[in-house]
Structures are given as structure tokens and as C-alpha cells.
Amino acid sequence: MPYDLKPLDVDVETTPYLREPDHTAAPGDRWTLNFGPQHPATHTTLRIVLELDGERIVRATPHIGYLHSGFEKLAEHLDYNQYVTIVSRMNYVSPIANDIAWHTAVETLFGIDPTPRCKAVRTILAELGRIQDHLLSIGAAALDLGAFTAFLYGFNERERIYDIMDYLSGQRFHPDWTRVGGAMSDLPDEAVFRSMVKRFIHEQLPPAVADIENLLNRNRIFRDRTEGIGAISRDDAIAWSLTGPVARASGTRRDLRKDEPYLCYADNWDGRGAPAVQFKVPIATTGDALARYLVRLEEVKQSAAIIDQLIDNIPPGPMNVGDDGKMHIPDKASVYGSIEGLIHHFELIMTNRGWQAPIAEAYAANETANGELGFYIVSDGGPRPWRAKCRPPSFINYQVFPKLIEGHLLADAVAVLGSLNVIAAELDR
């Protein structure tokens, strides 16, 4: 059952921040302000054109930014493994979660069920990515409101996760570790990996979360800047297709890990009757900036609990699916030591003849830190997607910003934007 956070003690209907803007004001009494793309509180290249009546926002027009990377178009020119290097850059705050979501969609298209070992490790990494994302979101939202120390508390622990990703894949920032049917490699040393993760969730993360809570939860300035600010109702959140913490802070009880379970969130994930990992879904009811902060903070704790259930129970066996379909690159020993392995490697890398893609289409989504991250793939049977479309949660959540900010003061724009945790590269279109 979902876990209910204690409702915040605020009357959204009567709070003075939400008085109706004066739409009858003469045009000469209003002025236009460009918020971003260089503003230090936007964290990205997005731009918001604000129409102001004094210091109160009458209208906000969001622009999705200037990245123009062509992420979706690049899928048509890269095979199903190569494209992982692109999707990890769509959300550079928790890139491993994007890697897992992409290959979940590809494996849905191919009809592949990853091995139990792969599912367990992917689930651990997905939750590390969620923690990684939430720590930056919480820290940056506080930083924008003047709480620099909270940002440092979160950033220090993000470095620990970077160390784990570096050990796993050889890259700190963009691990690009997943592959169709498995991963680029197995754990370098399972005991070392287990030790690093357990030390993080048991010794390093809890004090940092406690410090953030002690600094912000009862901080008068932080609460005044977030309580009752940018509120949205449950019905409106559903109507705007919001997902993730932004929706759950408004009382929307939806989490793909519970509603459409995958990996170790599903029962019998190992094929031998293993139960799904146990966790609670934090739900708030006021839908304001403070509620979004509290939901993310609780999700960090729940993610640590999920990891704790799996870290000592990673199944033995192969990380990749069998070689029958030749879906993954053979290990180095096979490539260097046998002609079969060398031919297999050559076919996948040089000719792409190893792929047996069906002529079909598929959509699959994961519950990432910002909400539902989904990929829709259309295949023509070739070695790469014919078309690939992404459902990025930041792009969907960002559209509600004008509704959230209308009638608020100019200073509230920073608080509301920070509570949405918009990632610039997810806005790329």
C-alpha cells in the first residue's frame, strides 16, 4: 500500500500567494522579463518569458531551451546498443536510469527476458540513480533559495555513487553499462561492489539525509518559500499527465514499479518464486513545492531500503542472456581465443548481421526519479530503429509551470522551478 506523508498544514485556497492576478490592468502597467537561459537558478538552457504586474506574475510562457541535440533522430543512425550513449545524456543527473529504461524497451521489442542476475543488478543501479537524482534536486532547490549547505550535503553523497559507477563501468558520469539482453560486463568483483554499496547506504547516506532534514524541514525561511507555493490538485495533475514525485505530491497514487512492475519490482523475478522487493510509495496531498521536496526526500530512504534487500542476494549465473540469438558481444576471452567468438564479434560490430530484430513496434517505460520515462520503438527488421520516440518526464512536467506560477510573486518562480527538477536535455525536441 502507498505510504501517506503527513498532510502539510496549509490552506491552499486562502493562502495570500495565490490571489488572482489583475488581468484588467492596462498594458502599460505590465512589463516583460526573460527568466533564463542564463539565470543561475534555471540550471539549464531553458527560458521563461514572464509577464509581470509589479512583482506578481500574470503570465508565464516557457521555452524548452536551446540544446537542439536531435536525440530521437540519432536513434535512426545507431544500433540498439550504440544508442545507449545517447539516452544517458538525456538525463545527465541519473544517466544509468536512462540506460536501463532504453534497454527495457528494446528487450520488450525483441521479446527478451533478462537473467535474474541482470535484473538484480539493474534494480540496484536504478535505485542508486534515483538517489543520485533526488539528492541533486533537493540540494539545488535549496540552493536557489539560499541554503547552500544543503546542496553540499547532497553533492558529497552523489560523489559516492559516481565512485560506484566508475568501479562498475570505468566511467563516472555516463556509465553506458547496459546492453541488449544484459550488460557490457559482469561485476568486476562482486564482493568489492557489495562492500561499496553497503557502505554507502548504511554509513554515508543516512547522516547526509539527516543533515538535510535538520537543516530544511523546520527551517522558517525554507518553509515560507515553499509551503503553499506552486500547488496543483490531484485532478489537475492527472489532467496534465504529470508523473513521478510531482504527481505523487498532489495525491496521485501511481508508480510504475507497483502498477506495472518490472525487474525485481515484480514477483517471481528470478523464475524461482522470489517475491518483489518491498517498499512504500510516498504520497502527499497539498501538491506544493514543499510537498514535492518531502516526497523526494522520503523516496531516497525507500530506495536505500530496496537496495538493502538485494545487495546480499544477487543471484549467481550469467549477466547476459544465452548466445542462441547472438544478442550481445562475446567476452574478450572468447573473441581472442576462438574463431567462433571472433566471427560473432565481427558480425555484431562490423556487419550488424547478429541482430534479429522483428518488424514490430513496442513501448516500455520505467519509473525514474522524475516520473515515467518511456521509449516507443518502431523496427523495420534492420539493425537499428526505424523510429524511436521518448516520453521524457521533465518535458511533460515542465508544461505545467505556467499554471503553477500564475498569481505568484517573481521570487516564487525560483522555488516552483526547482521543485519540478527540470532536466534540460529531456526538453530537447
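Quick notes on this structure:
- Helices (runs of 4 or more DSSP H) fully within the range 126-220 counting 2 or more residues that are within 27 Å of LYS332 (Cβ to Cβ): 148-169, 190-199
Residue by residue, here is whether (1) in a helix (DSSP H, G or I); (2) surrounded by 21 or more Cβ atoms within 10 Å (Cβ to Cβ) holds:
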| residue | (1), (2) |
| --- | --- |
| TYR66 | no, no |
| ASN91 | no, yes |
| ILE96 | yes, yes |
| ASP99 | yes, yes |
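- Residue in the range 220-238 that is under 30 Å from ASP113 (Cα atoms) and hydrophobic (A, V, I, L, M, F, W, C) present: no
- Each residue in the range 258-294 was checked for being basic (Lys, Arg) and surrounded by 23 or more Cβ atoms within 10 Å (Cβ to Cβ), and 1 pass.
- The condition of being touching a residue at least 24 places away in the same chain (Cβ under 8 Å), under 27 Å from LEU187 (Cα atoms) and in contact with a helix residue (DSSP H, G or I) (Cβ under 9 Å, 6 or more places away or on another chain) holds for only one of ALA369, ALA333, ALA425, ALA415, that being ALA369.
- When every residue of the range 344-358 is checked against the conditions, at least one turns out to be outside any strand (DSSP E or B) and β-branched (Val, Ile, Thr).
- Pair list, Cβ under 7 Å, 6 or more apart: the range 135-151 residue assigned by TED's automatic domain parsing to the domain that holds VAL295, other residue part of a helix (DSSP H, G or I) and among the charged types (D, E, K, R): LEU135/GLU157; LEU135/ARG158; LEU136/ARG158; SER137/ARG296; ILE138/ARG296; LEU145/ARG225
- Residue in the range 368-380 that is crowded, with 19+ Cβ neighbours inside 10 Å, more than 15 Å from the chain's Cα centre (by Cα), more than 30 Å from ARG30 (Cβ to Cβ) and at pLDDT below 90 present: no
- Scanning the range 228-257 for residues that are closer than 21 Å to PRO402 by Cβ, assigned to a loop (DSSP other than H, G, I, E, B) and touching a Ser or Thr at 6+ places or on another chain (Cβ under 9 Å) turns up GLY228, ILE229, GLY230, ALA231, ILE232, SER233, LEU242, THR243, ALA249, SER250, THR252.
- Set side by side, the residues ARG179, ARG199, ARG194 differ, and just one is touching a helix residue (DSSP H, G or I) at 6+ places or on another chain (Cβ under 9 Å) and closer than 20 Å to ALA304 by Cβ, which is ARG199.
- Residue list for the range 68-89, restricted to those being assigned to a helix (DSSP H, G or I) and over 13 Å from LEU373 (Cα atoms): PHE71, GLU72, LYS73, LEU74, ALA75, GLU76, HIS77, VAL84, THR85, ILE86
- Within the range 4-19, not a single residue is part of a loop (DSSP other than H, G, I, E, B), modelled with pLDDT of 75 or more and within 33 Å of the chain's Cα centre (by Cα).
- Which numbered condition VAL49 misses (of (1) of a type in the set (A, V, I, L, M); (2) touching a residue at least 60 places away in the same chain (Cβ under 8 Å); (3) outside the structural domain of HIS103 (by TED's automatic domain parsing)): (2)
- ASP323 closer than 26 Å to LEU125 by Cβ and either assigned by TED's automatic domain parsing to the domain that holds ALA237 or modelled with pLDDT of 95 or more (or both): yes
- Residue check: VAL209 meets all listed conditions (1) out of contact with any Leu (no Cβ under 6 Å at 6 or more places or on another chain); (2) at pLDDT below 95; (3) crowded, with 16+ Cβ neighbours inside 10 Å but one, namely (2).
The values are calculated or read from the model by the stated rules, or taken from the named source; none is laboratory data. All values derive from a computational prediction rather than experimental measurement. We place every Cβ from the backbone using ideal geometry, glycine too, and count neighbours over all the protein chains shown.
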